[in-house]
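Below is one structure; the comments refer to it alone.
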Amino acid sequence: MNKKLLIFIHFVIFISFAGNNSHGQLGYINTPSAFNNPESSINLSLIRDTPDRRLNLTISPFDWLDATIFYADITNKPYGNGFNQSYKDKGFNLKLSIINEHRYFPNLAIGFNDFAGTGLYGSEYIVLSDKTGALDFTFGIGWGEFAGGIILKNPLSSFDQDFDQRSNIAEGRGGRVDFKNFFSGTEASIFGAIGYSLDSKTKIIFE
C-alpha cells in the first residue's frame, strides 16, 4: 500500500504569555519542546480550538519535570449514554528533561501525554531543543497521537516486535498506567518546529 508523505507547515504570529502548547507544556502550537518551566512554577492555560477545548494546569516541582492535569471538551464527539452534550475527557501529561540547560549540548527530554487517561490523547515523544539569541528550534520523534506527521516505521520494532502492538483505548477505560503502550505502534513520526521571538510577547512559529 502506497502512502503519501505530507509535510504541514503552520505559520502564526503568537502572542505568548507563557509559551505553552496545546498540551499545557512549554512548546509551540501542538509540538512539544525539550524546554521546561522554572522550578516551583505553576501555569494555567485555556485552549479554545476546534474540535477540542482544553483546560491545562501544569506544576513544575523541579526544573527538569513538568506535570500537567488536563480537562478536555471534545465538541464533535457525543458524550453518549443518553446525555445531550459533547464528550468530556481528563488525563495527565509528564515531561522529564534528560539534559537540561547544558553548556555544550541541546536540551533533551522525554514526554508522556494522557498516560493514565482514556487514551484519546495517548502519546510519547523524545525531543531535542536548543536556542541561540531570539531563535529556538526543536526536533523529535513521537508515538501514538504524535505519529501523524512525517511517518516512519517504529524503530523500536527492530528490537522487539511487541512494540508494534498499541491499544487505542487504555485498559479499564483509563485511570491507570498502561506500560505496554509506551513507544508502541507500527508507526512513529518525525516532527519539528522553529520559533523566533520578536519581543517578550510576540513570537513567530513555523511548525
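The values are calculated or read from the model by the stated rules, or taken from the named source; none is laboratory data. Keep in mind the model is a prediction, meaning the values are calculated, not measured. FYI the Cβ positions are ideal-geometry reconstructions off the backbone, even for glycines, and counts take in every protein chain you see. When the accessible area is computed, the model is the full protein with side chains, heavy atoms only, and any ligands, DNA or RNA have been set aside. Shrake-Rupley method; radii C 1.70, N 1.55, O 1.52, S 1.80 Å.
Quick notes on this one:
- The convex hull built on the alpha-carbon positions of the chain has an orientation-averaged projected area of 13.2 nm².
- Dipole magnitude of the stretch 50-207, debye to nearest 20 (Cβ charges: Lys/Arg +1, Asp/Glu -1, about Cα centre): 380 debye
- The alpha carbons of the stretch 103-207 give a radius of gyration and a Dmax of 16.0, 48 Å, in that order.
- When only Cα pairs below 8 angstrom with a gap of at least 6 residues are kept, the chain shows a relative contact order of 19 percent.
- Charged neighbours of Glu101, selected by a Cβ distance under 15 Å, balance to -2 (K, R count +1; D, E count -1).
- Chymotrypsin sites (Phe, Trp or Tyr not before Pro) within the stretch 90-134: DSSP coil, no more than 10 neighbouring Cβ in 10 Å: Tyr104
- For Asn37, the residues whose amide H sits under 5 Å from its own are Leu26, ignoring neighbours fewer than 5 places away on the same chain, with H placed 1.01 Å from N.
- In the chain, lysine pairs closer than 30 Å at Cα, eight or more apart or cross-chain: 25
- Based on Cα contacts under 8 Å between residues 6+ apart, the stretch 99-205 shows a relative contact order of 28 percent.
- Solvent-accessible area of the stretch 14-111 (1.4 angstrom probe, protein heavy atoms only): carbon and sulfur portion equals 61 percent.
- Amide H contacts of Phe62 (H built 1.01 Å from N, under 5 Å, at least 5 apart or other chain): Ser40
- For Asn113, neighbours were defined as the other residues whose beta-carbon sits under 11 Å from its Cβ, and their charges (Lys and Arg +1, Asp and Glu -1) total -2.
- Average accessible surface area per residue within the chain, 1.4 Å rolling probe, Å²: 60 Å²
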